[in-house]
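A short reminder: the numbers here are calculations on the coordinates, not readings from a lab. Keep in mind that what you see is a predicted model, and the values were worked out from it rather than measured. Because the Cβ atoms are built from the backbone with ideal geometry, glycine has one as well, and the counts that use them run over all protein chains shown.
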Amino acid sequence: MGKLDRPVLELLKASAEPLSLSEIASNLGAQEKAVYRTLKRLFEKGKINSKARKYSIETKDT
């Protein structure tokens with residue numbers, strides 16, 4: 001797990017709306033390039049969703 005994984009996941013979990021890359025980076029005080037790498041990794045692991053360049057927590061249908 002990267003150092004931004006947990007903060008990104010917590011931010012997305014707390015957000016009522018999906019967030020863009022720039023919104024996430026701004027909220028975390030991190031560089032967009034680092035946040036992008038984190039989002040890509042989390043998306044590939046199935047932890048987050050991406051739609052129209054907005055990111056949210058992956059929800060599991062039960």
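Quick notes on this structure:
- Test: residue 26 is small (Gly, Ala, Ser) and under 9 Å from the mean Cα position of the chain (by Cα): no
- Taking residues in the range 8-33 that are under 17 Å from residue 51 (Cβ atoms) and free of Cβ contacts under 8 Å to residues at least 40 places away in the same chain, and partners anywhere that are loosely packed, with under 12 Cβ neighbours inside 10 Å and of a type outside the set (D, E, K, R), not one pair has Cβ atoms closer than 7 Å while being at least 6 places apart or on different chains.
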